[in-house]
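Colleague: This is the structure I want to talk about, given as structure tokens.
Computed from the coordinates by the stated procedures, all read-outs in this text should not be read as laboratory data. Since the structure is predicted, the reported quantities are computational estimates derived from the model, not experimental observations. Neighbour counts run over all protein chains shown; Cβ positions are idealised from the backbone, glycine included.
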Amino acid sequence: MSELTVTGLTVRFAGLTALDDVAFTVAPGSVHAVIGPNGAGKSTCFNVLSGVYKATEGSVRFDGTELTALRPDKIAALGVARTFQNIALSRNLTVESNLMLGRHRLTKAGFVAAGLRLPHACREDARHRARVREIARFVGVEEYLAAPVAGLSYGVQKRLELARALALEPRLLLLDEPVAGMNGAERVRMAEVIRRARADLGVSILLVEHDMGMVMRLADQVTVLNFGKRIASGPPDEVQRDPAVIRAYLGGAHTETGARTGTETGAPPGSQAGTEEEKA
């Protein structure tokens, strides 16, 4: 289990500073959330960590390796997997085939051996498919293994995307708004899978999410961004009371009553608390 350390991370696009000297650490085996209003730089941060964007300045180190100069496939090979805010699945393939795509970096048999169905390639394929069934069962999509993705509900597709990330056998999982667009029951189910991934699989998790009730229940540490800058960092109960966080979410126009209401619901003031179903 390895630590992710982000130091002085700065990203500029044609003179626009999307991230400005951001720093945080994801401890091994922990859930660390990055939150903030829209446009705060959360997705830019994720895209740098996964190699989609290049940092202008700063350092991102995982397991002693500098990630900022690596391609996405090289970062994945180190054990870093991610999901996307917008579902990025192969809709015309089955659930099993999508999960097998997640096993690609772990496959040793070459294209020719697989095409000719040589014995060692067949044995390896059987091992991967057995593991895919285990992961599907863990996430709760096993019953859909033979079904095309296009015919599945949105909530099942979101869980499938998480399952595909787990199929890479990651040590660090980057989850970009995993419950966005889900109903209350689906959010509860996804939160439980994330909790079990940390507890049962020992995966470290970096989470970007707007559902503050879920963040406050799952995260060990929270980093808050606003206009590309880190404005707060610490345990959830401390962060949600931070005056800078309150101002960021309410635009500086909060009242004492509004601030107290936000704190009592267990979410940063100005955010929506979880539903009663989610709190169960």
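Colleague: Let's test the formula: R0 of 25 Å, r as the Cβ-Cβ distance of E143 and L78. What FRET efficiency results, to the nearest 0.05?
Modeller: Rounded to the nearest 0.05, the efficiency is 0.15.
Colleague: Just to confirm a number: summing +1 for Lys and Arg and -1 for Asp and Glu over residues other than G228 whose beta-carbon lies under 14 angstrom from that of G228, what do you get?
Modeller: Charge balance near G228 sits at +1.
Colleague: Given a Förster distance of 22 angstrom, what is the FRET efficiency for F13 paired with A69, based on the Cβ-Cβ distance and rounded to 0.05?
Modeller: 0.75
Colleague: Moving to a separate point now. Quick check: Cα centre of the range 128-170 to Cα centre of the range 190-207, how many Å?
Modeller: 15
Colleague: Kirkwood Rh and Cα-based Rg: tell me the resulting Rg over Rh for the range 116-218, rounded to two decimals.
Modeller: Taking Rg over the Kirkwood Rh, I get 1.02.
Colleague: Pulled fully out, how much extra length does the chain show between R241 and C122, if you take 0.36 nm times their separation in residues and subtract their Cα-Cα distance?
Modeller: Using 0.36 nm per residue and subtracting the Cα-Cα distance, I get 37.2 nm.
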